[in-house]
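Inspection log for the structure reproduced underneath, given as structure tokens.
Please treat every number below as a calculation from the coordinates, not as lab data. Everything quoted here is computed from the prediction, not taken from an experiment. Here the Cβ positions follow ideal geometry from the backbone for every residue, glycine too, while neighbour counts run over all protein chains shown.
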Ligand SMILES: C[S@@+](CC[C@H](N)C(=O)[O-])C[C@H]1O[C@@H](n2cnc3c(N)ncnc32)[C@H](O)[C@@H]1O
């Protein structure tokens, strides 16, 4: 299994609710009774211990804003994540691709099996036939999509790295889905612009964004032209290993994703749902 980073809500002992870039920012804190004894005052500790004991010593995260009614969500630690993975129905060909990719540089970039399964299910629910992927790497997510596309289905896979494409194509062949995948070698934004120029606006049902983080807004604007009303644009890494929620982290990739997320909140052109799976994925439905 490769070591793709999965967001874990840990070590954010925030018992206040600061403003963040001028906006209210509901912080979360992590319940771990032994650690909390070192960090929080007695009143807060008794509340937290109560919450933790209710959940049989499992680790949970609680919304610190009282307006969320002490809402608890589960914290995914390694044993629990192993359990989640043991409940993923990963096709053999995907497992083999994942295992081969695990030996390669950048293997942590591929989506996790649970994410790939969710992407495949979205394709099936949508009845999608025409798809686009921005950032294909060795093909794990695109193969998951291609496997559930109908025979006449079509997936444009954008990737700039020829070595990664070589691996992806080998697996599309082995899986018998090569006829569904149109691999475009080059910069993804150029490929998307060429699709628009070729009159393919509103002709796609589904898009998945998983390439250069600083380009997310540009990919999104182009994909919004290419996807039909009711179609989906799914964006990966929107939680960026939790850095988006840390006001002290302001590198260019974090800022880009944070800005992208903030813009999406205001964007009336789409319905959105941010899902804490893998490194966080936002599902956008074009209105
Ligand atoms: C996170 S990986 C994609 C992982 C893939 N979705 C999977 O699940 O296996 C990102 C990929 O995007 C590619 N990439 C980054 N910037 C790109 C760009 N501007 N145009 C095309 N591909 C790009 C990288 O070469 C890399 O293979």
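What the table shows:
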quantity	calculated
Rg over Rh, two decimals, the stretch 225-287 (C-alpha only, Kirkwood Rh)	1.00
Value of relative contact order over the stretch 78-286, rounded to a whole percent, pairs C-alpha under 8 Å and six or more apart	17
Estimated FRET transfer efficiency (residue 218, residue 170; beta-carbon r; R0 25 Å; 0.05)	0.25
Overall form of the stretch 162-203 per C-alpha gyration tensor (a/c, 1.5; a/b vs b/c)	oblate
Ascending count of other beta-carbon atoms within 10 Å, so fewest first, for 74, 125	125, 74
Part-to-part distance (alpha-carbon centres) for the stretch 254-277 and the stretch 168-197, which is given in Å	26
Alpha-carbon centroids, the stretch 201-252 and the stretch 74-94: separation in whole Å	24
Kirkwood-based shape ratio for the stretch 94-217, expressed as Rg/Rh from alpha carbons	0.93
Residue order, fewest to most surrounding Cβ atoms within 10 angstrom, among 286, 193	193, 286
Contour minus Cα-Cα distance for residue 271 and residue 163 (0.36 nm per residue)	35.3 nm
Unit Cα scatterers, Debye sum, the stretch 78-286: log10 I(q)/I(0) for q = 0.11, 0.12 Å⁻¹	-0.48, -0.58
Ascending count of other beta-carbon atoms within 10 Å, so fewest first, for 156, 66	66, 156
